[in-house]
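For reference, the structure is listed below as structure tokens.
Every number in this text was worked out from the coordinates using simple rules, so none of it is lab data. No experiment lies behind these values; they were computed from the predicted model shown. Cβ placement follows ideal geometry from the backbone for every residue including glycine, while neighbour counts extend to all protein chains displayed.
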Amino acid sequence: MKNRLRIILTIGFVIFFQQFGNAQKNQKFLQKIGVADSLYSQTLKEFRKIYIQLPNNFNPDKNLKYPVVFILDGEILLPTVTNVQDYYSGGFTPEMILVGISNSTNRTRDLTTSKIKDKYGMPFNEENGEASNFSEFIKTELIPFIEKKYPVTNYRTLIGHSYGGLFTIYTLINHPELFSNYLAIDPSLDWDNQKLIIDEREKLSNQNYKGKSLFMSLNGQLHMQNQQITIENVMQDTSDYTLFARSNISFSNMIEHSKENELAFEWKFYPQDIHGTIPFPSIMDGLISTFKWYQMENTHKINSFDTSKEELYSIIKHREKKLKNHFGYAQPPYPEDLLNMSGYMNMDMQQPEKAKIYFESAIEYYPKSANAYDSMTDYYEAQGDFSNAIKYITKAFELSGNDYHKNRIKELEMKKNN
């Protein structure tokens, strides 16, 4: 029943394979990502497909709720977000439910922020400029649908690339209450001759974004035909070829000069990437940047033999308070498995009082876990305190109802009476 693996503070969980895409019959896959779901939108007057990826260790019996990430162009970007989470969740980013939003149809219509009839001097006949309508769909239909059907909290992140990045910036400016974090990957801020940047300059400066974050990136192909254009001189060019890059940089400069709005902001330039490749590094860097505050602190003290039990307890409580301040609701400071493994590691090192702190914390933060009570049973049995061992294994049995815990009660009662 017990996993006494050596403690690993940065946990990467095994991939939780799920259904994705249209597979040929009997096709074998190494990895399946995103369970398809859908809803009908009264706002859009059409069905909208979405893809759901649950956390790797998701267990419906634990009744846990998770932060949620909404990913525009979900068919394309959800696998990358999932891969990043497979490596970084638990230690660098929280475990989260991922929602990939399909934009395979009506993409330009839904993600662009104003109506145009020409683009760079050429007629533009594709339907466009309905970002406000798509935003209404997300606000009044998609988010309530997700919150009703899946175990998510109201701590949300939005990720978009290109037109999706433009929509992400639009949402930050016009509906900042919808999301806590925004990742705008190579956003198309050149749309409609920078109309969004020009029109929203004052709103961006005066709005309070305390508790919000924006990560924004720019690809290295600054000019399609002139390699002499670099990040150092691109703002001096006035051609249409650099309008995309200049729009991105201009917006980032606007934010840098609007620090009074308290938006947590990071901008990153990827000189080796182009528009089509930049999502991969941006998603990795963006999520790590967004959740810097989530990363585990004081790991050297947790691993140290000399750290007192009082200081360990203080570290656990400090992280509990920090997570609550950022999420806006109570959240266990560490995964149950990590608390459990830490307890057993300290028992193996003959530090029972430290082990007790971890086992007690597991019960405090995961009170419906039979395994947490079973671990405390092991602690008391190792101390020769069979009365308390029986007390905790009885609670484990009440929660699990399985024969293993039932038999352990009998075994411990025999040891107590001998």
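Could you work out the Kirkwood radius for segment 307-418, taking every pair of different alpha carbons, averaging 1/r and inverting it, reported in Å? About 14.7 Å, per the Kirkwood formula over Cα pairs.
How much length is gained if the chain between THR238 and GLU256 is pulled fully straight, taking 0.36 nm per residue apart and subtracting their Cα-Cα distance, in nm to one decimal? Intermediate results must be reported in sequence, preceding the final value.
Values: separation 18, 0.36 × 18 = 6.48 nm, distance 2.25 nm.
The span from THR238 to GLU256 would gain 4.2 nm if fully extended.
Maximal additional length on extending the SER38-ASN206 stretch stands at 56.7 nm, based on 0.36 nm per residue less the C-alpha distance.
When the chain is described by a simple charge dipole with +1 on each Lys and Arg Cβ and -1 on each Asp and Glu Cβ, the residue from PHE397, LEU412, SER247 located farthest towards its positive end is LEU412.
Could you check what % of the DSSP bridge pairs in the chain are antiparallel, to the nearest 5?
Working: 13 of 40 bridges.
Around 30 percent of the beta bridges assigned by DSSP in the chain are antiparallel ones.
The angle separating the long axis of helix 309-327 from the principal Cα axis of greatest extent in the chain is about 30 degrees. Neighbours of VAL234, meaning other residues whose beta-carbon lies under 15 angstrom from its beta-carbon, give a summed charge of -4 when Lys and Arg score +1 and Asp and Glu score -1.
Please give the charge dipole size of the chain, origin at the Cα centre, charges +1 on K and R Cβ atoms and -1 on D and E Cβ atoms. Round to the nearest 20 debye. Could you put the intermediate results ahead of the total?
Details: 46 positive and 50 negative charges, 222 e Å.
With only Lys, Arg, Asp and Glu charged at Cβ, the dipole is about 1060 debye.
Percent relative contact order of segment 176-266, based on C-alpha pairs within less than 8 angstrom and at least six residues apart? Mind showing how you got there, number by number?
Working: 107 pairs, mean separation 39.0, N = 91.
Here the relative contact order equals 43 percent.
For LYS321, the lysines whose Cα comes closer than 20 Å to its Cα, not counting residues fewer than 8 places off in the same chain, are LYS65, LYS210, LYS212, LYS292, LYS301, LYS309. In this structure, the amide hydrogen of TYR182, modeled 1.01 Å from its nitrogen in the peptide plane, lies closer than 5 angstrom to those of LEU158, SER213, LEU214, PHE215, counting only residues at least 5 positions away or on a different chain. For the chain, the longest principal axis of the C-alpha atoms and the axis of helix 279-290 are separated by about 60°.
Using the 2.2 N^0.38 Å rule of thumb for compact globular proteins, work out how the chain stacks up: its C-alpha Rg over that value, please. Walk me through the numbers before you get to the answer.
Values: Rg = 25.4 Å, N = 418, 2.2 N^0.38 = 21.8 Å.
Here the answer is 1.17, to two decimals.
Helix 370-382 and the long axis of the chain differ in direction by around 40°, with both axes built from C-alpha atoms.
Using only alpha carbon pairs under 8 Å that are at least six residues apart, calculate the relative contact order of the chain and give it in whole percent.
Working: 675 pairs, mean separation 51.6, N = 418.
Taking the mean separation of contacting Cα pairs over the length of the chain, I get 12 percent.
The aspartates and glutamates within cross-link reach of LYS415, meaning a Cα-to-Cα straight distance under 17 Å and a gap of 8 or more places when in the same chain, are ASP374, ASP378, GLU381, ASP385.
When you filter the GluC sites (Glu not before Pro) in segment 190-238 for DSSP loop state and at most 15 other Cβ atoms inside 10 Å of their Cβ, you are left with GLU232.
Plainly put, segment 57-153 has a radius of gyration that is 1.10 times its Kirkwood radius, both from alpha-carbon atoms, as the Rg/Rh ratio. Highest-first packing order for the peptide set 114-126, 133-145 is 133-145, 114-126, based on the mean count of other beta carbon atoms within 10 Å.
Calculated from DSSP H runs of 4 or more alone, at -39500 (n - 2.57) each and per residue, what is the 222 nm mean residue ellipticity of the chain, nearest 500?
Details: 16 runs with 181 residues, N = 418.
Calculated mean residue ellipticity at 222 nm is -13000 deg cm²/dmol.
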